[in-house]
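Here the structure comes first, spelled out in structure tokens, and everything after it is commentary.
The values are calculated or read from the model by the stated rules, or taken from the named source; none is laboratory data. The structure displayed is predicted, hence computed values, not measured ones. Here the Cβ positions follow ideal geometry from the backbone for every residue, glycine too, while neighbour counts run over all protein chains shown.
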């Protein structure tokens, strides 16, 4: 017995030292040396709550609410707990299984046999079964489960990042629509007063009916814009409140123009993106998981070696059940393996190889999409900055032209058509400025999301690196 106890640790080390299947290696992708449209410093993007840089407490509160109540975030958090349970489930197969069994029987023998009186038979025992993981089948399955757990954690971070970006994006859309609504209401009030003046002049025969009709058209255009933007504001509020996990309702928000200037965002090097984007990191872990399953499939082509042991007692009387003479024990071993199954096990390995290839292609596709999103966001910021400067100049010129046209008309130097055209251009310029500024803010949201910013703290990043090392 002492020799057996000495050999057990040696046996465990020998079993754990062998694993079939490919080792987990980080997938290689070609990263560009720099981004095409970088108007900001090439420093690393610090981990921060980037939405707080806009200085809007209403936005901050909405994001806090979304992180607590959004159903998608809750589902992603639940998937982490599920993956943890699956990891524990798979890891348990590595160790021996301990059990027990017991029975109590009363029986009457066949009358043809000696002894016809009914008798009792009591039995109880403990048993151990251990399928030695000689080929690494269960350890590879545990590797796959651990990688899927880490992927689910990155999946949760992806949901958080998308949720935060989605809330910020809808919030800025809401601010832009509200600004357009206020411009429409202000323009309508101005045109309504102008129409009253034109109506009075027409009634006195000072101006022709054409001027009256043109003024009525412009007043109706402004009046029609009000319900249009009211509808869009309400629908955006409903979408935003639903996104944060609340029933459709009105949303509190501040003025569009009181936000601070959008900060410069250091884009960093493209290679750093692969360590920042949670969706890229999740795709990498799924590739690891599928690679580990190749080892599981390969191990199933080799024989399974198992050890069993039992210790128990059998007695016809409970009073003598614990007597030493009733004790029984057993030790045994077994081996089960395939001989010929028409290539089924071989095909199983090929299936897992192809699935690993698919996971690798999915990872590469995720990386390419990440680079594209950063490039799109960078060019969007760069062009919208110039577009915003131009549209602001347009507003200044349009306001001045409208003022001069009205003065010229009142002085009898021009027709009313010039006044209407100047007023129309001013209205359109102000709406375009509100929309462009809103798009300008949304472009920064897109860049932060594309860079994978705001989800990871230093502690989380160190933990992620440790998880990557343990998965491999």
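Tabulated data for the structure shown
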{"quantity": "Among residues of segment 170-200, those that are surrounded by fewer than 20 Cβ atoms within 10 Å (Cβ to Cβ) and under 20 Å from the mean Cα position of the chain (by Cα), counted", "calculated": "0"}
{"quantity": "Yes/no for residue 272 being modelled with pLDDT of 90 or more, in the same structural domain as residue 449 (by TED's automatic domain parsing) and outside any loop (DSSP other than H, G, I, E, B)", "calculated": "no"}
{"quantity": "Test: residue in segment 122-129 that is buried (at least 18 other Cβ atoms within 10 Å of the Cβ), in a helix (DSSP H, G or I) and either in the same structural domain as residue 452 (by TED's automatic domain parsing) or touching a helix residue (DSSP H, G or I) at 6+ places or on another chain (Cβ under 9 Å) (or both)", "calculated": "no"}
{"quantity": "From 408, 386, residue being surrounded by 14 or more Cβ atoms within 10 Å (Cβ to Cβ), without any contact (Cβ under 8 Å) to a residue 24 or more places away in the chain and over 30 Å from residue 298 (Cα atoms)", "calculated": "408"}
{"quantity": "When residues of segment 7-22 are limited to those that are under 11 Å from residue 136 (Cβ atoms) and part of a loop (DSSP other than H, G, I, E, B), the one modelled with the highest pLDDT", "calculated": "20"}
{"quantity": "Residue identified as closer than 30 Å to residue 183 by Cβ and in contact with a helix residue (DSSP H, G or I) (Cβ under 6 Å, 6 or more places away or on another chain) among 414, 383", "calculated": "414"}
